[in-house]
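Engineer: Here's a structure for you.
The values are calculated or read from the model by the stated rules, or taken from the named source; none is laboratory data. These figures come from a predicted structure and were not determined experimentally. Cβ: placed from backbone, ideal geometry, glycine included. Neighbour counts: every protein chain shown. Accessible surface is based on the protein model in full, side chains and every heavy atom, while ligands, DNA and RNA are left aside. Shrake-Rupley method; radii C 1.70, N 1.55, O 1.52, S 1.80 Å.
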Amino acid sequence: MSMLYLQLSQLCGVWRWKRLPSATTFPCSTFCSASSEPKDVKRRLNQSSLCLLADPIEIHKRKLFLWFSHLPREEKQFGGYFSPDTMHVDPLIVERKAAERVGLLGSPFRTRDLSSSSVTVEQLFEPADRSVGRGVNVLLYGAVGTGKSTVFRKLVLDWCRGTSLNHFKLLIPFSCEDLSQMTKAASLRDLVSRKYLHLRKHPILSGEGNQAEDVLFLFNGMEKINLDFRIGATELCSDPNEALPPTVVVVNLLRKYLLPEASILVTTRLSAVDRVPQRYVSRYAQICGFMDPDRQRAYFTKRLLQDTVGTSRKQEAEALIELLYLNLQRESQLAAACFLPSYCWLTCATLHCLHFTDAASPTRTLTSIYTSFLRLNFGGEVLGPGTGTTVPIQEHHSSLMLYVVRTLGKLAFDGVADKRTSFSEAELEQWVGGKTKTDEELRQLAMFRTDVLDFFLAPCVEHGKRLSEEPGGNEEKRYVFAVHGMQEYLAALYVVLGENKSVLEKLTKQVSVVIGQASEDVSALVNILSKFIPLRVFAVFNLLKLFPNLYEKFSRRNRSTIARTMVAEMFRSEDSYNEDVLDQMEQSLLGVHGPKPKQYSEGPPFELYPIFMGGLLHYGNRVLLQQLGCEIQSLTVSQITGVLRKYLVRELSKPQPPEELMDLLVLLYEFQNPRLTAEVLASIRSIRLTNIRMTALKCFILSSVLSCAPSSYLLEELNLSSCLLTQDLLQMLGPAFRHTRSLNLQFNNLGPESCIVLRDLLLDPNSSVRSLQLCDNPLQESGLLTLLEALPENQTLMHLSLMHTGLGDEGALELAQKLQHHPLQELNVAYNNIGDNAALALVDACREHPTIHTVHLYLNPLSVVGKQSLYVRGVAMSPSDRQVKVLASVTEGSDISENWHPILSVIRENASSWDRSRVTQQLKAFLRDLEWGRQQQPSFWKRLHFRRVEMGVRKTLQILEKDCPPPSA
């Protein structure tokens, strides 16, 4: 059995594809490991190995299934292992007549007419449609991103399983990209045996009889191969064993001169439809993507729910899908983009990153998601010569992605500079095709407009405030980038690649390169320089050695400009109070439900733009961009990083709003440069993220950024109050807490279980937390008892605030017992339903404690006698006794408390979230205390001071009784 298994493994090693069928839809680069196979694979191999070795077609099916089942590494970000079956949603395929084969679809929302003529790939090859002795040639075409290669892969897998195209005994897929790179002549059988060694001698391809009618050839990506159907250029051939160039073999197959009984499926882009003459095509079928919200919802459901089955995240995933579907039903801009399955993938990947990030997930950044998205769709793509030229496509090495950057990237950059998101048709003509001159450039432009332009730009379907402000916004047809983030990404790529250099900078670079490659012959140098500089001004540049220095000067100035632009865009004063960039991205995908958030900036915020520029400098993204033909030099990255650090440190010396600070953390995370992050953090002493809606991704970013700092680095304050933190998020923030002295977790959703995390934090020997504020968290007595377990062993905590956490009498008594030998200095247990006896026991324990000097006990149900007793207990009766300040009311005995104003400020700030009747009752008790104390004062000035405090209490009471939002303190 082991010998048979070894033979099968060797056969698997021989059969390899040089590349995937297409780079546009998630190619796979490696075989599955043995661990990814089902557990019973070896058992099934043992049972069927003899059958497999005897039947080449069964071997062929197994190997095709193994290869086409693999998914690229980008799919790992969704967690778990996905199979094509669990993710696949059939796109809309419409059969076209020959006369309308290149017709446009129109609006993506008009699907009724198209749905009536929709077909499946299997229906295109129905046996009833096949002529005697002649197979069917089907041309399946569509724009970039509509799902051609996904359908191609699913078709192969279904045939391997026996669920589709069962009337074909043999299915042979080819990648036209592979065929275009072959230089040696080969026969049809050699081409097959080169890819599939086990089919080398199979009689079905011999050409004898009608055996070939059971064969289906699949050619994916026909636009990558130059087919010439002219008789004078491509000789006729009917012998499967005759060696010819691969293009000639494909042409004769399509002519039905070679194996006329065989059927053929060809996939291609819109611009290459006419490369196959109409007489050689039996049926045209256009793949239209997801033209209705139901298909889109099915795709989102399979993607987002697959990894959450049986987990606590399933409910969140279902809520996300529902919000997405509501946004799609409104025929929003997202719905216009998601008719392309590729943008559905980008939407799912972004939402998965925003909502389902955890510490165990691989590092994912927004920049890497967008870069991977472009690599999946444009990896290896070059801008061919177009129709009507005989120049071989493989001789053209102009990167399609670089062409996109130089055209649409400039459009995106100018839009960001002018704070615009929509463009007219005239502006598109000016930016995209305004400078073309040669016939070759015009052919490339035509191909680009047909295949690629609609992939990035879509008709504007939303007429909000931003568009209505532009002249003629309702009358003139305008275009926007399919997703808003793509405009900012392309603009950032345009800048980082240096495409926005001035003419002088580009000229200097050309001169420097030419001089470096030329000889030292003076006459040669003069001839070279004369190409760039007129002879009449040549005397100005008579010192040739200055040119490299001049270029370096401009180069450094350009890179310094990039760093300054990143900082200037990030710290724009008008954008400082917008929502943080991650929330903006989520709203662009899910829509805004309820009142629309106020925008403080004059135009649309472009806060992703500087973040993408930082992310593009990361090595991993630069590697992917290099595969797309967009190279960013390491020297450029080094110089930009050095200048960026200086500007960031300078800007961070100024106080920043929480939203702006969150965006800075995102930038440092996207940069993935630990050294730069540590140097920038050295200038930050406090991180205040108050009222930022913290999510799993934001918590992961905060922890990751602070983990780059040395262990000796400590924040003076980490303020995460009112951030909607939960136990799971608190667990993710553990590494960040170890770098802070003062930790503020007020007004969150921390329950009793969260105290386990906080207890472990206080017990951690590497923890340096001196102040812990947990006010207004429903910790309850059970949770607080868990937290208090850490007090006997912790030696760093000095200030502990447990106001309004549900402590109760039992918790207060337990706290009194745990205080011994702990260096605590201030304790806040206000508004905790603590009675007289527990409060007195706690104060007595604090008096015996060597360091505690203040105890907060106001807003507890204390009697008048209890308050008096607490005040007396806190006063030192002899020089040897310790004095403990007890804040139980705005009065201390018959005097005004020194802390009356802070107490009222705390009440005003928090009354909106507290029980109004309870607070009102306590304020009335304050008034009684003030009235009694005023009556005890013989001094007029002291009675006047009591009146002043009493007016403050009454004002706060009136606000509560009117049920109005209290003013800020």
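Engineer: What does the extension gain come out to for Arg449 and Ser398, with contour length at 0.36 nm per residue minus their alpha carbon separation?
Structural biologist: On the way: separation 51, 0.36 × 51 = 18.36 nm, distance 1.60 nm.
Between Arg449 and Ser398, full extension yields 16.8 nm more.
Engineer: What order, most packed first, do the peptides 705-718, 220-233 have when packing is the mean number of other Cβ atoms within 10 Å of each residue? If you can, show how the numbers build up before the last one.
Structural biologist: Values: 705-718: 16.4, 220-233: 18.4.
Output ranking for 705-718, 220-233: 220-233, 705-718.
Engineer: If you don't mind, another one. Filter the GluC sites (Glu not before Pro) in segment 231-284 down to the DSSP loop ones having no more than 16 other Cβ atoms within 10 Å, then list what survives.
Structural biologist: Numbers: sites: Glu235, Glu242, Glu261; in loops: Glu235, Glu242, Glu261.
Hits after loop and neighbour filter: Glu235.
Engineer: Taking amide H positions as placed in the peptide plane 1.01 Å from N, state which residues far from Thr854 in sequence (5 or more) or on other chains have amide H under 5 Å from it.
Structural biologist: Correct list: Leu827, Lys885.
Engineer: From the phi angles alone, apply the Karplus equation (6.51, -1.76, 1.60; θ = phi - 60°) to segment 730-736 and give each ³J(HN,Hα) in whole Hz, x where the residue is Gly or Pro.
Structural biologist: 5, 5, 5, 7, x, x, 6
Engineer: Still on this model: Normalized C-alpha radius of gyration of segment 236-330, against 2.2 N^0.38 Å? The partial results should precede the final answer.
Structural biologist: Values: Rg = 22.8 Å, N = 95, 2.2 N^0.38 = 12.4 Å.
Computed over Cα atoms of segment 236-330, the ratio equals 1.84.
Engineer: Let me ask something else. Would segment 293-363 count as rounded, prolate or oblate if I go by the C-alpha gyration tensor, calling it rounded below 1.5 in a/c and otherwise prolate when a/b exceeds b/c, oblate otherwise? Could you put the intermediate results ahead of the total?
Structural biologist: Details: a/c = 2.21, a/b = 1.62, b/c = 1.36.
Prolate, since a/c reaches 1.5 and a/b exceeds b/c.
Engineer: What is the calculated FRET efficiency for Arg947 to Glu909, with r their C-beta to C-beta distance and R₀ = 22 Å, to the nearest 0.05?
Structural biologist: Details: r = 24 Å, r/R0 = 1.09.
Calculated transfer efficiency: 0.35.
Engineer: Peptides 694-701, 353-360: what's the order by average Cβ count within 10 Å, highest mean first? Display every interim value, and only then the final one.
Structural biologist: Numbers: 694-701: 22.8, 353-360: 16.9.
Output ranking for 694-701, 353-360: 694-701, 353-360.
Engineer: Now for a separate question. Starting from the amide H of Ile264, placed 1.01 Å from N in the peptide plane, find each other amide H under 5 Å away whose residue is 5 or more places distant or on another chain.
Structural biologist: Amide H to amide H, under 5 Å and 5 or more residues apart or across chains, Ile264 pairs with Val136, Asn137, Val138, Phe217.
Engineer: Related question: Of Lys61/Lys195; Lys302/Lys698; Lys169/Lys195, which ones are farther than 22 Å apart at the Cα? Working shown, then result.
Structural biologist: Values: Lys61/Lys195 13 Å; Lys302/Lys698 25 Å; Lys169/Lys195 18 Å.
Correct reply: Lys302/Lys698.
Engineer: Gain in length, Arg685 to Asp844, computed as 0.36 nm per residue apart minus the alpha-carbon separation, to one decimal in nm?
Structural biologist: Values: separation 159, 0.36 × 159 = 57.24 nm, distance 3.70 nm.
Gain on extension, Arg685 to Asp844, equals 53.5 nm.
Engineer: Moving on. Roughly what would the spin-label model give for Gln727 and Ser653, points 7 Å off Cα along C-beta, in nm?
Structural biologist: 4.7
Engineer: Students often check this: by mean Cβ neighbours within 10 Å, which of 207-216, 658-667 ranks highest, and how do the rest follow? Working shown, then result.
Structural biologist: Values: 207-216: 17.2, 658-667: 23.2.
Those peptides, ordered most packed to least, come out 658-667, 207-216.
Engineer: Using a Förster radius of 41 Å, what is the FRET efficiency between Lys419 and Gln181 based on their Cβ-Cβ separation? Nearest 0.05, please.
Structural biologist: Once rounded, the FRET efficiency stands at 0.35.
Engineer: Sketch the reach of a paramagnetic label on Arg928 as a point 7 Å from Cα along Cα-to-Cβ, and name the residues of segment 801-845 whose backbone nitrogen lies under 20 Å away.
Structural biologist: 831-840
Engineer: Give me the one-decimal nm value for the distance between modelled label points at Gln430 and Arg200, 7 Å along each residue's Cα-to-Cβ direction.
Structural biologist: Here the modelled spin labels are 6.4 nm apart.
Engineer: Could you do me a favour and compute the accessible area per residue for segment 293-363, 1.4 Å probe, result in Å²?
Structural biologist: Details: 2680 Å² over 71 residues.
Roughly 38 Å² per residue, with all protein chains present.
Engineer: Still on this model: State to the nearest 20 debye the size of the charge dipole of segment 293-363 about its Cα centre, where the only charges are +1 on K and R beta carbons and -1 on D and E beta carbons. Don't jump to the answer; show the numbers that get you there.
Structural biologist: Details: 7 positive and 7 negative charges, 29 e Å.
In total the dipole reaches around 140 debye.
Engineer: Under the 0.36 nm per residue contour assumption, what length would be gained going from the current alpha-carbon distance of Glu208 and Ser768 to full extension? Spell out each step's value before the answer.
Structural biologist: Numbers: separation 560, 0.36 × 560 = 201.60 nm, distance 8.32 nm.
Net length gain for the segment: 193.3 nm.
Engineer: Roughly how many nanometres apart are two label points built 7 Å out from the Cα toward the Cβ at Glu100 and Ala359?
Structural biologist: Going from the Glu100 label point to the Ala359 one covers 5.9 nm.
Engineer: Whenever you get a sec, compute what percent of the accessible area on segment 293-363 sits on carbon and sulfur atoms (1.4 Å probe). All intermediate terms of the calculation are to be shown ahead of the outcome.
Structural biologist: Details: 1390 of 2680 Å².
Accessible surface attributable to carbon and sulfur in segment 293-363 totals 52 percent.
Engineer: For segment 266-279, take each phi angle, set θ = phi - 60°, evaluate the Karplus expression 6.51 cos²θ - 1.76 cosθ + 1.60, and give the result in whole Hz per residue in order, putting x for glycine and proline.
Structural biologist: 10, 10, 7, 8, 4, 5, 9, 4, 7, 6, 9, x, 4, 5
Engineer: Let me ask something else. Asp228 label point, 7 Å along Cα→Cβ, cut-off 17 Å on backbone N: hits in segment 261-290?
Structural biologist: Once the point is set 7 Å along Cα→Cβ of Asp228, 275-277 turn out to lie under 17 Å by backbone N, inside segment 261-290.
Engineer: Near the amide H of Asn748, under 5 Å away, which other amide H atoms are found, from residues 5 or more places off or on another chain, if H is placed in the peptide plane?
Structural biologist: Sorted by chain and number, the residues that satisfy this are Ser722.
Engineer: Further, regarding this structure: Once phi is turned into θ = phi - 60°, what whole-Hz ³J(HN,Hα) does the Karplus curve with 6.51, -1.76 and 1.60 give for every residue of segment 194-211, x standing for Gly and Pro?
Structural biologist: 5, 8, 10, 4, 5, 9, 4, 10, 5, x, 5, 9, 6, x, 8, x, 10, 4
Engineer: Would you please give the FRET efficiency between Glu331 and Arg954, computed as 1/(1 + (r/R0)^6) with r the Cβ-Cβ distance and R0 = 45 Å, to the nearest 0.05?
Structural biologist: The pair Glu331/Arg954 has a calculated efficiency of 0.25.
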